[in-house]
Amino acid sequence: MPELPEVETVRRGLATVMEGRRITQVIQRRADLRWPIPEDFVGRVTGRIVERLERRAKYLLFHLDDGTIILLHLGMSGRFLLTNPDLESFEKHDHVVFVTDEGTVVRFNDARRFGMVDLSTTDTIAEHPRLVEIGPEPLGNAFNGPALAAAIAGKRTPIKSALLDQKVVAGVGNIYACEALFRSNISPRRQAYTVKGERADKLATAIRQVLSEAIASGGSTLRDHVRPDGELGYFQHGFETYDREGEPCVREGCGATIKRLVQSGRSTFYCPKCQR
């Protein structure tokens, strides 16, 4: 599933061609994805100007000029593609297509159909059921060591599992939790409630750093992620632990090999020597 850096990369790519542009045509090619698309979706979006695109956790928010907000999640395999203007040659999984007044064609393609498209408004978006319980943005001012420690205080679950809880911190998924724990020398097995003080400070800093670097690299392309312009992300070439089972630890002098374990149904990669 795309994590925060991949979604932010998509947001930035779409912003360059959609912000300030009027949506002159919307083509909806199916009634539902993971959940039904609002019945009045085409009518409410057609003719509206996209004032700005935002990201909240792993969600994209298209703010329109009448106060309507398109809320969209990429799901497991969703992607946006900027393609040729031939509206007669859709790909099989092009489910929603936007055309702007500049002639740009933006296609939302989702092979597995785990994505979602919904409508909200500026007055109600904060209470939307998909967003209301999401924790602080890890790149925002509200996220730091004390905030992280407070969010996981009393949690008797492994810290890796706690980081995947979107109520603790927004947008962090499996890849970047592994990488941040390695950078902060924290074992993914460590009980979450013990991560406080200096440990929490180091982990919060590591989360910020790894997410920022991944965004700068266009995200990680393992299976489905591509930028709207078709380019691949390349942060995967700099993984220090993720998907490196059996390979040597990158830290000079360590000598250990990266291990893999399963936590909450997800693969966790870590160095048994560096991470405590």
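The values are calculated or read from the model by the stated rules, or taken from the named source; none is laboratory data. Just so it is clear, the model here is predicted, and its values are computed rather than measured. Methodologically, a virtual Cβ is constructed for each residue, glycine included, from the backbone with ideal geometry; neighbour enumeration extends over all protein chains shown.
Key figures
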{"quantity": "Where Pro228 falls short, out of the listed (1) modelled with pLDDT under 95; (2) more than 14 Å from the chain's Cα centre (by Cα); (3) surrounded by fewer than 20 Cβ atoms within 10 Å (Cβ to Cβ)", "calculated": "(3)"}
{"quantity": "Which listed residue, of Phe108, Phe98, is in a strand (DSSP E or B) and within 23 Å of Pro129 (Cα to Cα)", "calculated": "Phe108"}
{"quantity": "Of all residues making up region 157-182, the number that are in a helix (DSSP H, G or I) and among the charged types (D, E, K, R)", "calculated": "2"}
{"quantity": "Close pairs from region 96-125: first buried (at least 19 other Cβ atoms within 10 Å of the Cβ), partner assigned to a strand (DSSP E or B) and among the basic types (Lys, Arg), Cβ under 6 Å, at least 6 apart", "calculated": "Val97/Arg107; Asn109/Arg79"}
{"quantity": "Total residues in region 58-83, condition modelled with pLDDT of 95 or more, charged (D, E, K, R) and assigned to a strand (DSSP E or B)", "calculated": "0"}
{"quantity": "Region 233-266, subset of a type in the set (Ser, Thr, Tyr) and in a loop (DSSP other than H, G, I, E, B), residue farthest from Cys178 (Cα to Cα)", "calculated": "Tyr234"}
{"quantity": "Any hit, region 70-80, residues being closer than 16 Å to Leu53 by Cβ and assigned by TED's automatic domain parsing to the domain that holds Ala214", "calculated": "no"}
{"quantity": "Qualifying residue in region 29-47 (condition: surrounded by 15 or more Cβ atoms within 10 Å (Cβ to Cβ), in contact with a helix residue (DSSP H, G or I) (Cβ under 9 Å, 6 or more places away or on another chain) and closer than 30 Å to Ala177 by Cα)", "calculated": "no"}
{"quantity": "Single match in Gly154, Gly135, Gly171, Gly140 (criterion: buried (at least 19 other Cβ atoms within 10 Å of the Cβ) and either in contact with a Phe, Trp or Tyr (Cβ under 8 Å, 6 or more places away or on another chain) or not assigned by TED's automatic domain parsing to the domain that holds Leu261 (or both))", "calculated": "Gly135"}
